[in-house]
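**Student:** Right, I'll just put the structure down here and ask away after.
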Amino acid sequence: MSKHELATRRIWSFVALVLGVLVMGVLGWFPSNSLSILSPLNGLIGWFAVFCVVFCIINLFNKERVPGEKEFSNSAFINLLFTLGMGVGIMVYAYNEAAQLSAYSDVRNPIGLTLNHWILIPWCFYVTFAIFEIYDEKYNLLPKWLRLFKTYLYGLLMMLGIGTSFALGVITISGACKHIYGIDIPSYALVVILGSLVTFSLLRGVHRGMKVFAKISMYILYAYIFIMIIVAPSDTMVVGAKAVGSFIGDWFYNNVYTGRAVQQDWTIYYWIWWISWCAFVAPFIKAISKGRTIREIVFYTVAVPSILIAVFMILGNNTGMHLLAEGTPVAELPYVAINVHWIMPLIFVILMSMFYITSSDSQSYAMDQTISYGSKTPVVHRKIMWVMLEVLFVTVLLLAGSNSISALQGLSFLFVPFMILVALVYVFLIVRHIIDKNKKDGSKEEVNIAEMMTKYPRP
């Protein structure tokens, strides 16, 4: 059987798997208490987060290079990274996360803890799994059976993670339009409109579509941040400095799992969410990193987005905390906060939509590369098929209601232990590869010395 036939068989098998999971989720066949089921592993998940940070620090000195020619400039690389899906998340939680965290008595600095959830560790998760992908592609580390298991695991997590997150994002866009402008746009109609734009971007290719949309999204984001700075409360710089100080000073307090309520309800929830997203983000990072060293990938993926997100979260959540002190309900904080200037709601809706497009675009590309083993650049019919599958997935979730969304998101969480297991296997295989390589290099050096002694014997 040819590579093309094998890829086609895997793709259609995967489509059937996704549709089957979707039906079971809508029928309520999956547990709704996934976080409770995983609670015995909370300590392990917390330490895995610490491991990923250490792993990335070590790889700041790794000069191993990804095969291929560099395709993207540093700015284009950062644009593509930032618009992978995190953009949707920060727009949803930018104004009310700290307000919700402030309800916990053991939280030392709500905005500092918010930063902890969104910068450094999430990106270290992504880079860690991306490095695994790079080594596997370069040295063919995984056995065939494990690679097949990982392929379907990653593919399913891509659809579950992105689908449920985008369903929540569409609800946010629809809610903003209704609260600010009084326009009631059906969520499923919004999905179809955005899906059409995703198809347009995909059909134009990576450089003329995805890259361009990502660049436009970042320009809009910079404009939005500029307005946020203008309308921010006067104490934002002081609050921001304290939040950054808390992020650094309370890092071990926040991340070493001790069973505190906020860790169970928020921190571990986030780590599980980000780990499930690695199945989507890591292959895409690998795909756009050709020609780069691993140390470059670590720096540009972890440091730059973290700085930008920190600025955004400090500005938004400080505004939210002020509104909370004035009596604004937590659920209303985002809509009240973006309505302080007439242009902000419009930019907010446009930016959320653009982030949806870029994230869906990236996911469709990464999914095809993963399921087809990257045999070729996705052909036209496959590009359209991935978008249609995603639109169907999100639309059904929205029509089924919030319970189905939560159930399928919870299902994606239940696969996280398998992701950690895959990571441990990769660590073992990479260490073994490095040891074998050093042994071979040592043997070659000994042979060369022996040959020289034979050729030039001592007098």
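**Student:** From the list N403, N438, N448, pick out the single residue that is open to solvent by 50 Å² or more (accessible area, probe 1.4 Å), closer than 30 Å to S39 by Cα and either over 19 Å from the mean Cα position of the chain (by Cα) or modelled with pLDDT of 80 or more (or both).
**Tutor:** Just a single option satisfies the conditions, and that option is N403.
This table checks each residue for (1) modelled with pLDDT of 90 or more; (2) of a type in the set (A, V, I, L, M); (3) in a helix (DSSP H, G or I); (4) under 30 Å from K70 (Cα atoms).
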site: R147; (1), (2), (3), (4): no, no, yes, yes
site: A176; (1), (2), (3), (4): no, yes, yes, no
site: I185; (1), (2), (3), (4): no, yes, no, no
site: L197; (1), (2), (3), (4): no, yes, yes, yes
site: K215; (1), (2), (3), (4): yes, no, yes, yes
site: I230; (1), (2), (3), (4): yes, yes, yes, no
site: P233; (1), (2), (3), (4): yes, no, no, no
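**Student:** When the residues of the stretch 335-345 are filtered to those that are over 15 Å from A232 (Cβ atoms) and under 28 Å from the mean Cα position of the chain (by Cα), which remaining residue is modelled with the highest pLDDT?
**Tutor:** So, considering only residues that are over 15 Å from A232 (Cβ atoms) and under 28 Å from the mean Cα position of the chain (by Cα), the one modelled with the highest pLDDT is P345.
**Student:** With I111, I57 as the choices, which residue is surrounded by fewer than 20 Cβ atoms within 10 Å (Cβ to Cβ) and either farther than 30 Å from L202 by Cα or not hydrophobic (A, V, I, L, M, F, W, C) (or both)?
**Tutor:** I57
**Student:** Would you pick out the residues in the stretch 292-311 that are under 17 Å from the mean Cα position of the chain (by Cα) and open to solvent by less than 10 Å² (accessible area, probe 1.4 Å)?
**Tutor:** Initial filter on the stretch 292-311 (under 17 Å from the mean Cα position of the chain (by Cα)): 297-310.
Hits for the stretch 292-311 are I297, V298, T301, P305, I309.
**Student:** While we're here: Residue by residue through the stretch 57-68, note down the ones that are closer than 18 Å to I434 by Cα and in a loop (DSSP other than H, G, I, E, B).
**Tutor:** Matches in the stretch 57-68: N62, K63, E64, V66, P67.
**Student:** If E71 meets every condition in (1) at pLDDT below 95; (2) part of a helix (DSSP H, G or I) apart from one, which number is that one?
**Tutor:** Failed condition: (2).
**Student:** Only residues in the stretch 335-353 that are free of Cβ contacts under 8 Å to residues at least 40 places away in the same chain count as the first member; pair them with residues that are in a loop (DSSP other than H, G, I, E, B), Cβ under 7 angstrom, at least 6 apart or cross-chain, and list the lot.
**Tutor:** Once the first residue is free of Cβ contacts under 8 Å to residues at least 40 places away in the same chain and sits in the stretch 335-353, its partners that are in a loop (DSSP other than H, G, I, E, B) give V336/T328.
**Student:** What number of residues within the stretch 261-318 are among the hydroxyl-bearing types (S, T, Y) and either closer than 30 Å to L41 by Cβ or in contact with a Pro (Cβ under 6 Å, 6 or more places away or on another chain) (or both)? Outline the logic, then answer.
**Tutor:** Narrowing the stretch 261-318 to residues among the hydroxyl-bearing types (S, T, Y): 267, 269-270, 276, 289, 293, 300-301, 306.
Within this subset, residues satisfying the condition of being either closer than 30 Å to L41 by Cβ or in contact with a Pro (Cβ under 6 Å, 6 or more places away or on another chain) (or both) are 267, 269-270, 276, 301, 306.
Number satisfying all stated conditions: 6.
**Student:** Something else now. Within the stretch 249-282, which residues are in contact with an Asp or Glu (Cβ under 7 Å, 6 or more places away or on another chain) and open to solvent by less than 10 Å² (accessible area, probe 1.4 Å)?
**Tutor:** V262, A282
**Student:** From the list Y95, Y104, which residue is touching an Asp or Glu at 6+ places or on another chain (Cβ under 9 Å), open to solvent by less than 60 Å² (accessible area, probe 1.4 Å), among the aromatic types (F, W, Y) and touching a residue at least 60 places away in the same chain (Cβ under 8 Å)? Step through it out loud before you land on a result.
**Tutor:** Values: Y95 fails: touching an Asp or Glu at 6+ places or on another chain (Cβ under 9 Å).
Checking each option against the conditions leaves just Y104.
**Student:** Sticking with this structure for a sec: When the residues of the stretch 27-48 are narrowed to those that are aliphatic (A, V, I, L, M) and surrounded by fewer than 18 Cβ atoms within 10 Å (Cβ to Cβ), which ends up nearest to H381 (Cα to Cα)?
**Tutor:** Per the stated criteria, the residue is L27.
**Student:** Inspect the stretch 65-80 for any residue being closer than 22 Å to L392 by Cβ and loosely packed, with under 13 Cβ neighbours inside 10 Å and give the result as yes or no. Break it down into steps so the answer makes sense when it comes.
**Tutor:** We begin by selecting, within the stretch 65-80, every residue closer than 22 Å to L392 by Cβ; these are none.
No, there is no match, as no residue in the stretch 65-80 is closer than 22 Å to L392 by Cβ and loosely packed, with under 13 Cβ neighbours inside 10 Å.
**Student:** So which residues in the stretch 332-351 are closer than 22 Å to Q100 by Cα and buried (at least 20 other Cβ atoms within 10 Å of the Cβ), if there are any at all?
**Tutor:** Hits for the stretch 332-351 are L333, P334, A337, I338, F348.
The values are calculated or read from the model by the stated rules, or taken from the named source; none is laboratory data. Since this is a predicted model, take the numbers as computed values, not measurements. FYI the Cβ positions are ideal-geometry reconstructions off the backbone, even for glycines, and counts take in every protein chain you see. Heavy atoms of the whole protein, side chains included, go into the accessibility calculation; ligands, DNA and RNA do not. Shrake-Rupley method; radii C 1.70, N 1.55, O 1.52, S 1.80 Å.
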